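Scroll down for the structure; my scribbles are underneath it.
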Amino acid sequence: MSASKATAANRFGLGARPGELERGGGDGREILLAQLRRPPALDAFAGLPGSVETMRLEFRQQQLNRAARVRRAAAAGDGEPAMAAAADPAAPVAAADETPPRARRRARDADPAQAARERSSAARAGAGADGAADSGETLRRELRRQQLAEFAARYRHAADTDAPFVERLSQFWSNHFAVSIDKGNARLYAGSMEREAIRPHVLGRFEDMLLAVEWHPAMLRYLDNAASIGDDSRAAMRAQKLGREKRGLNENLAREILELHTLGVDGGYRQEDVIELARAITGWSTPGPRDEDAAQSFVFRANAHEPGARRVLGRSYAEGGQEQGRAVLADLARHPATARHLSFKLARHFVADQPPPALVERMAQAYLREDGDLRALYRALVESEQAWSADARKFKTPNDFVISALRAGELPVDDQARALVGLLASLGQPVFTPRSPAGFPDTAADWSSPDGLFKRIQAAQMFAARVDSGDISPYQRALAVLGSQAVSGDFAIGLRRAGSASDGCSLLFASPAFQWRV
Amino acid sequence: MSALERQRRGLLAAFGASALLTLFPRVAAAGAGDTRLLLVLLRGGLDGLHLLPPYAEPAYAGLRRDGAVADPIRIDGLFGLHPAMRQSAAMYRAGQLLPLVAVAPPYRQRSHFDAQDCLENGTATPNGARDGWLGRCVRAMSGGQALAVAAVMPLALRGGSDRVSNWWPPLPRPVDPQLLQQLQPLYAADPRLSETFERSAGSGGMPRDGKGAFALPEAMRVAAQRMSAADGPRIGFVEDSGWDSHRNQAPQLQRKLAELDQGLAAAREGFGAAWPRTVVAVVTEFGRTAALNGTDGTDHGTGGMALLCGGAVRGGRIGGDWPGLGPSQLNEGRDLRATTDLRAVFKSVLVEHLGLADAAVERSVFPDSRGLPPLRDWLRA
């Protein structure tokens, strides 16, 4: 089976940019394997704040909001709420600039770029303030601005990268470990999770990615583990002694680790395993407003950890604080059910809605043989004959349709990216907002509705209007991004006869050939 | 001529007369085929004990501690409606709302996604069918359309019928008719997309009232308005997410239940004169734990609830069999036992309200459901 460059770019990549098919080795397979050998440049993400920094801004904003409420209540002459709020130790009166905590100073000393980022974001936010009434609002706007900058960077990188296969993989894992920004307390961290937990491990071991994700504030908050407390933990005991309301176990994250992140729903776990894993990861949490010194966005709360040995999938795990849950995850990452689950999803993503079982099995064996090395898994995919089969077709998701249009049209992504975010929502795939932790679906039936196709045609016209034609005709552009095999008959005639570059590009982006990965 | 009208005419010009029939179908047979069903799927597992608190049940207060609904609207000696459901309570008193307790699809595990798939595919297992029971229902009907107000076609309505469509607020930009004309032969040559394309022009360009977020009340209003037309879809589908309440659920559900309440009122208004011929079924994939968890929320459980609402419903009372909340009455000691299979509710609606034949329902819409007893006395005579 020939491994054509057009297939490499469209089935495994993000759609070609003009010129992409002429570059690189002679063989599509070799082009993909070369991308796996070196991590891609991530310049588009430089300067974005890390999750620790975002969390400080978030807490600061909450503090200012509380202080503003206190002031408003006092001004209204309503003494009671003001006193109640002032009695809340988490609601200090808006003070002048806080002394930078030790950890922050350490981080600044170690990383001048970090210091520069902090200075610039503080300056933008105007947050040095002695509590101007709108400071909380200013910070809220700053956080929103940062989120848009994060989304812009994501799409700018996807549109520009020279390693589109690796970017497809990064976005695949990001969706595998789906978090949704419609859950308020996780809202600000979906983008940083992709940058901090997915991208560093996309060419590494699954176990490392798994742990980085489950420790990230986006996931710990989205699936409620940050607040989960062992029923027999010191924290629960103390609360009981003080007559406070009992807090306790939350099994949400543990269930999704088993069902979605590792074994798969048919992976052979039971309700007892869910509860035992939930207990093993009690204490895995995120810093709160009082943890000013936190240098990481993960904290282990020993007080909240359920003491004792745990038994998951028939194996016993001795008490070991935060290491206990880590040991369970390490075994889950190596489990044959996990190998099959991940292989099936990857094969479905790249090859066919119903991928050939032999391909899935081959990938799973490579994963297990190489101890969970993701590169081995990808190589097994790329090196198989089935992955290059002429029958293999995937209908682009709205997200991939948009990215491929940005690439084919060489369209710039501006810093605000509001329009892009709105467009993806209209097309049915809002950025980082899947309707469940299962992530966005991945088959043609999910995305090929009449309404969805109509909106793609509308979007095609909007993109085409922005294409700077330069000296490439729409026909040449179509050849350059789809390859000559896909451009023939009525399609070729229509492209050649297009009355304007914009009309021709509309036809290209709206064409059936552009909706499929072949 | 409005922008919409211009667009519509443009489409007609682009497609020619042959496409007219599929774009703007003629009125379906009137009379018996005049009833309407709107399914509202609340994704995430609505806590039925919070929507319909059994305030007089001795175990309730202990299980929910200070998460118990303090001031329910007492509609029954045992049950009350959450105070955010004011308009629903009025519908209950008007005999148009029938809450069904302890209902669940046959799936008895605790995965949202599997439970939703099972509810939507109409079988006892998540992989029991690749299409949806409403999609099969449309195929089993001799005529009539179905409409999902959703950005993507939900599983419940999939099933290959060309009488099913979905709608979501469109982009503002009108489509160039000439582009559609050029695309027509290209899509006609694509076996997977030709039909989708033919129907895409009909689905686009419909107007939307209002601005801002398109939330449940607006989606229900739009569905009801479309369905109220004489030749409107007989089956509608609306979905909503955000009902998973593991943590601090009281304020979350306060907000969500208020939306549902507004949605039901908006649907009644949207259906207008068709309301007496309408059933709105509000369902969710499973219930939640009977006790509050350690974070003031509830975890995944079994027995949930359903609401049947509409002028065709004989409401004003509580339906379903209440299994109780005592320690020995709970499923696995943790959640409400399901006593009614949700498929039995759906079957009853299809047969008694939409007029499908029993045999057709049991053969193609809900296979393996023969043993399920129908719901009794739920339909207004």
Mean-square fluctuation maximum in Gaussian network of chain B, Cα pairs under 10 Å, restricted to B:342, B:41, B:350, hits B:350
Each label sits 7 Å from Cα toward the beta-carbon; between residue B:142 and residue B:108 the label points are separated, in nm, by 4.1
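Grab the other residues whose beta carbon is less than 13 angstrom from that of residue A:354, score K and R as +1, D and E as -1, and report the net.
+2
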Spelling it out for residue B:165: with amide H atoms placed in the peptide plane at 1.01 Å from N, the residues 5 or more places away or on another chain with amide H under 5 Å from its amide H are B:146, B:147, B:148
For residue A:15, the net charge from surrounding residues (Cβ-Cβ under 13 Å; K, R +1; D, E -1) works out to +4
Relative contact order as a percentage, chain A, C-alpha pairs under 8 Å and 6+ apart, gives 19
Violations at 21 Å Cα threshold for listed pairs A:396/A:455; A:345/A:394; A:183/A:455; A:5/A:394 -> A:183/A:455
Under a Gaussian network model of chain B whose springs join Cα atoms within less than 10 Å, the largest fluctuation of B:147, B:336, B:180 belongs to B:180
Expected vector for the stretch A:311-326, Karplus 3J(HN,Hα) from phi with 6.51, -1.76, 1.60 and θ = phi - 60°, integer Hz, x for Gly and Pro, equals 10, 10, 6, x, 10, 9, 10, 5, 4, x, x, 6, 5, 4, x, 4
Contact order relative to length for chain B, counting C-alpha pairs under 8 Å separated by 6 or more residues, stands in percent at 28
Interchain or sequence-distant (5+) residues whose placed amide H lies within less than 5 Å of the amide H of residue B:241 are B:43
Given the candidates A:226, B:107, A:73, the one whose Cα lies deepest towards the positive end of the charge dipole of the protein assembly as shown, counting +1 at each Lys or Arg C-beta and -1 at each Asp or Glu C-beta, is A:73
If each K or R counts +1 and each D or E counts -1, the residues other than residue A:151 whose Cβ falls under 14 Å of its Cβ total +3
Applied in sequence order to the stretch A:387-402, the curve 6.51 cos²θ - 1.76 cosθ + 1.60 (Karplus, θ = phi - 60°) yields integer Hz couplings, x standing for Gly and Pro, of 5, 9, 4, 5, 7, 5, 9, 10, 7, 4, 6, x, 4, 6, 4, 5
On the formula 1/(1 + (r/R0)^6), with r taken between the Cβ atoms of residue B:70 and residue A:42 and R0 of 45 Å, the FRET efficiency rounded to 0.05 is 0.30
Computed ³J(HN,Hα) along the stretch A:293-299: with the Karplus parameters 6.51/-1.76/1.60, θ = phi - 60°, integer Hz and x for glycine or proline, the list is 7, 3, 9, 10, 8, 10, 10
Largest fluctuation, B:366, B:79, B:113 only, Gaussian network model of chain B with Cα springs under 10 angstrom, belongs to B:113
Long-range amide H partners of residue B:319, meaning residues 5 or more apart or on another chain whose placed amide H is closer than 5 Å, are B:100, B:101
Computed about the Cα centre, the charge dipole of the protein assembly as shown from +1 Lys/Arg and -1 Asp/Glu charges at the Cβ has a magnitude in debye, to the nearest 20, of 900
To the nearest 20 debye, the stretch A:291-432 has a Cα-centred charge dipole, built from +1 on Lys and Arg Cβ and -1 on Asp and Glu Cβ, of 580
Distance in nm between residue B:127 and residue A:296 label points, each 7 Å along Cα→Cβ, equals 3.8
The farthest towards the positive end of the charge dipole of the protein assembly as shown, of the residues B:77, B:250, A:333, given +1 on Cβ of Lys and Arg and -1 on Cβ of Asp and Glu, is B:77
Rounded to the nearest 10 degrees, the helix A:374-383 long axis (Cα) sits at an angle to the longest Cα principal axis of chain A of 10
Measuring from its Cα centre, the stretch B:252-373 shows a charge dipole (+1 at each Lys and Arg Cβ, -1 at each Asp and Glu Cβ) which, in debye to the nearest 20, is 280
In nanometres, the difference between 0.36 nm per residue of separation and the alpha-carbon distance of residue B:93 and residue B:329 is 82.0 nm
Restricting to Cα pairs under 8 Å and 6 or more apart, the percent relative contact order of the stretch B:250-381 works out to 20
Residue span residue A:369 to residue A:71: 0.36 nm per residue of separation minus Cα-Cα distance leaves a gain in nm of 101.0 nm
Of all DSSP beta bridges having both residues in the protein assembly as shown, the percent classed as antiparallel (nearest 5) is 50
Per DSSP, the loop-located GluC sites (Glu not before Pro) within the stretch A:211-313 having at most 15 other beta carbons within 10 Å are A:245
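Read-outs: derived from the displayed coordinates by stated rules, not from any lab. Since the structure is predicted, the reported quantities are computational estimates derived from the model, not experimental observations. All Cβ positions, glycine included, derive from the backbone under ideal geometry; neighbour counts span all protein chains shown.
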